[in-house]
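For reference, the structure is listed below as structure tokens.
Values quoted throughout were computed directly from the atomic coordinates according to the rules given, and no laboratory measurement underlies them. Just so we're clear, the structure is a prediction, and the values are computed from it rather than from any experiment. Positions of Cβ are generated from backbone atoms using ideal geometry, with glycine treated the same way; all protein chains shown enter the neighbour counts.
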Amino acid sequence: METTKKPPGLLQGKFVFKKLPNGNLDKTKFVCTLCNAELVYCRSSSSLKYHLNAKHPLADAEDTGPSIDVAQGKSRVRQTNLFECNRGKPVSAAQSARLTNLLAQWIAISCRPISVVEDDGLELVLQAATGDPSYKLPARRTIMRRIHDQHAAEKAAKDVKMVEATCVALTGDHWTSVNNDNYLCVTVHLIDASWELHSFALGVMKIEEHHFAEACARQFLDVANQWRITDKISTIVTDSAPNMVAAGRILPFEHLPCVAHVVQRAIVMSLREGGFDGILAKCRKVVGHFKHSPANSDELNAQQASLGQVQEQLVQDVPTRWNSTLEMIKRVRHNKDALHTTLSQQKRNLALPTNAEYEKLAKLEKLLEPCRYITELLGGDKYVSCSVVLPALCHLQHAMKITDDDPAYIVQFKAAFTTDLNQRREKLNLNGLRAEREPVWAKLSELVKGEEPALQPLVEENPEPPKKRTALLLMGSDSESDEETPVDNTVERYKVEPSASLEQCPLKWWSEHTAVYGKMAHIARKYLGTPATTVPCERLFSLAGHIVQKRRASLSPDNVNKLVCLSDWWKKEK
């Protein structure tokens, strides 16, 4: 039986005896086959191993043949590769713990599956980055424990903000996952003592019961109790679904329907009344012809390139996707020639809009563009959006004003839009969202009378007012001090306060006037923190959709909640 021949020398041939000129071997000295270094042999391999660890930490037994061929007397030196040059010390326990934390944070922020820690390729990347080929990825349980710990730490920081806040506003909506599971998404919005607006997720909770009004109201109260903010909620913003509207009546908070939903519903009703259904149906068929066939799409792209146009995909409108109808119209009109040429070459009997219908689409595009601007403006959560509602609705009313040059179908569209918007606008019952000034000032006076100053001024108490505003502070009284000024005079002072420039943020203005208007500043903080739409919840839906997938059906509702919240919190801290 043939036996495997052992390599000459010690440590699998990495060291061989020194060869003398006469051909004999000097058994008191060894030569390293990797670098030709000469070492004294003391009948122990300890010094040889030390040399390997210090000079050749990545020496591989299968790749390190003898650099000095004893039998033939030939020398062969292997060059150290780049990976060996970058080889450092093994990853310490502290470094390993930090890598584990970063992996958990990456998984949460980027919505990666937990099973990514079982990827051999990721392990090789980290081994190359750390220079430690012995580094092993943490187990899935370890990652989940770190995610739970990180969620607990971040939630504690959010709890501090909740404790410091005097009033908060919530947005809420339901979302159905790909696994047909229902979740309630809730976000919170508040203005802190420094007049900075904060918005973040409170939770994404799986719901097992039907969406009756009582159940929806109880779910919101459960979230509020979990965060201990029941007595601080001023407003809840939801869509205009009947169950949500009924839940708003049950809850002891003010309810504001989503203004973006109001505008979107007005658009849908106006398209139907304006007689645009037939033209839009043609556009949908044309778009579907190219969207559902990669070959057709490639032919359209080639035709766009031949016409010197930018290659762009057509957009299919979706009822639940705001402004998608406008984007579909813009793409169809912009690619009119490319569409006609491509369909002619394909000899498809597909009806395209006529020239007259293209003119209608052009007029419709001009009408929908202000609506797109308003929905995007009201959907922001990094600035005050509630105070923009009334000017935004007035802007839409002006844009939909009927003129003598309007054709009949535009008149029908504008009339239907204005009528539907006015009807829905009456349901926007948040204080201050009224066009009449006097009722607003009267309501503000009532709020000031019943309001307790809950915040300490950001500047010294009783500051000396600027000289140019002395007359404003003393108006309505000949001898009263500022502390003795009646509530009505406080409101009057605010009414005649020189208005800030259009570029100045309301929060910045109030941060400079907190000490002057004590109670009114608290009211401003209460209502300016209310978002105008439920768009923050819609963004949570998109985020949750990346996490709750069919391949991740085994994720527990608790893990879904923590992953979505962590991703939302960390992204907004950037």
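A compact table of results
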{"quantity": "Partner lysines for Lys571 [C-alpha distance under 22 Å; skip if fewer than 8 residues away on the same chain]", "calculated": "Lys155, Lys158, Lys161, Lys382, Lys562"}
{"quantity": "Interchain or long-range residues, amide H under 5 Å from Ala37's placed H", "calculated": "Cys32"}
{"quantity": "Gyration tensor (alpha-carbon) shape descriptor, the range 128-277, a/c threshold 1.5", "calculated": "prolate"}
{"quantity": "Stretch gain in nm, segment Lys206-Glu357, where the contour uses 0.36 nm per residue and the Cα spacing is subtracted", "calculated": "49.7 nm"}
{"quantity": "Relative contact order of the range 262-425, pairs being alpha-carbon contacts under 8 Å that are 6 or more residues apart, as %", "calculated": "34"}
{"quantity": "Nonlocal amide H pairs with Asp173, under 5 Å, H built at 1.01 Å", "calculated": "Cys185"}
{"quantity": "Placed amide H near Ile236: partners under 5 Å, 5+ positions off or other chain", "calculated": "Leu170, Glu254, His255, Leu256"}
{"quantity": "Tail weight of P(r) past 15 Å, computed on alpha-carbon pairs of the range 249-321, percent", "calculated": "70"}
{"quantity": "Cα gyration tensor shape for the range 262-425, rounded if a/c is under 1.5, else prolate or oblate", "calculated": "prolate"}
{"quantity": "Neighbour cut-off at most 12 other Cβ (10 Å), DSSP loop, trypsin sites (Lys or Arg not before Pro), the range 113-145", "calculated": "Lys136"}
{"quantity": "Low-density loop cleavage sites - GluC sites (Glu not before Pro) in the range 342-429, where at most 14 other Cβ are within 10 Å (DSSP)", "calculated": "Glu426"}
{"quantity": "Rounded to the nearest 20 debye, dipole of the range 294-351 from Cβ charges on Lys, Arg, Asp, Glu", "calculated": "180"}
{"quantity": "Cα gyration tensor shape of the range 260-299, rounded if a/c is under 1.5, else prolate or oblate by comparing a/b with b/c", "calculated": "oblate"}
